[in-house]
Amino acid sequence: ETGVTQTPRHLVMGMTNKKSLKCEQHLGHNAMYWYKQSAKKPLELMFVYSLEERVENNSVPSRFSPECPNSSHLFLHLHTLQPEDSALYLCASSQRVSETQYFGPGTRLLVL
Amino acid sequence: KQEVTQIPAALSVPEGENLVLNCSFTDSAIYNLQWFRQDPGKGLTSLLLIQSSQREQTSGRLNASLDKSSGRSTLYIAASQPGDSATYLCAVILSGGSNYKLTFGKGTLLTVNP
């Protein structure tokens, strides 16, 4: 897990809270990704950054706001979430887009 | 829209058995196909990546094949072990502009019994 790290690993928040998920990659990669994994559904791509530029915003609600300050760090800012947003949020990175993606351990989010 | 289907959804086998996991995709214009492993509550580990021009890739006891024209891939696991128990996910990237977007199947939950 030292390649891509995510914090926190678990998060419980109320619908009025604001929180942020953090992802850091130590692989020297240039692309980073956020995915959502809900029970009994395939992984869904949320956001893609390449060289710190967002290249994909996959119809994600505005209550999820990504930030990529540099090629090693990626954040997902959360506000006024809904219970259906409870899921495992996975971060990944790759040397370039379309190459093998390396995943972090995920943040298990519960929205009450 | 690319759709990825994995069959079976769950599989239970005794230790030592050879097994095959199946993946099918609806759009054959893929850039590459990847197989991942996911342990409960954990992230994904990339197992094998097959480029669209390749027919198969091997790593240890794992062998993945790709038949683009029929939209199918298989993951063969030889001499299965209890440590192989996990969910196996297949994902494809389409050729063309969005060649970063992995489309995943729902996975096959594998249990290898000692």
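Remarks
- Failed item in (1) within 22 Å of B:Q2 (Cβ to Cβ); (2) out of contact with any strand residue (DSSP E or B) (no Cβ under 9 Å at 6 or more places or on another chain), with A:P42 passing the rest: (2)
- A:A31 vs. criteria small (G, A, S), more than 15 Å from A:F75 (Cα to Cα) and either touching a Ser or Thr at 6+ places or on another chain (Cβ under 9 Å) or surrounded by fewer than 17 Cβ atoms within 10 Å (Cβ to Cβ) (or both): no
- For the range A:24-43, the tally of residues that are of a type in the set (A, V, I, L, M, F, W, C) and within 11 Å of chain B (Cβ to nearest Cβ) stands at 4.
- Test result for B:R61, over 12 Å from the mean Cα position of the chain (by Cα) and of a type in the set (K, R): yes
- Criterion violated by B:D84 - all others in (1) exposed (fewer than 15 other Cβ atoms within 10 Å of the Cβ); (2) at pLDDT 95 or above; (3) of a type in the set (D, E) satisfied: (1)
- Hey, B:T45 surrounded by fewer than 17 Cβ atoms within 10 Å (Cβ to Cβ) and within 10 Å of chain A (Cβ to nearest Cβ) or not: yes
- Which numbered condition A:Q82 misses (of (1) surrounded by 15 or more Cβ atoms within 10 Å (Cβ to Cβ); (2) away from chain B (no Cβ under 14 Å)): (1)
- Residue count, the range A:1-23 (criterion: out of contact with any Ser or Thr (no Cβ under 7 Å at 6 or more places or on another chain) and more than 14 Å from chain B (Cβ to nearest Cβ)): 7
- Filter result for A:E52 (modelled with pLDDT under 90, surrounded by 14 or more Cβ atoms within 10 Å (Cβ to Cβ), more than 11 Å from every other protein chain (Cβ to nearest Cβ) and in contact with a strand residue (DSSP E or B) (Cβ under 6 Å, 6 or more places away or on another chain)): yes
- Enumerated strands (runs of 3 or more DSSP E) restricted to the range A:32-112, each holding at least 2 residues that are in contact (Cβ under 8 Å) with a residue 12 or more places away in the chain and of a type in the set (A, V, I, L, M, F, W, C): A:44-50, A:64-70, A:73-79, A:87-94, A:107-111
The values are calculated or read from the model by the stated rules, or taken from the named source; none is laboratory data. This structure is a prediction, so every number in the text was calculated from the model and none was measured. Glycine gets a Cβ as well: all are built from the backbone with ideal geometry, and neighbour counts include every protein chain shown.
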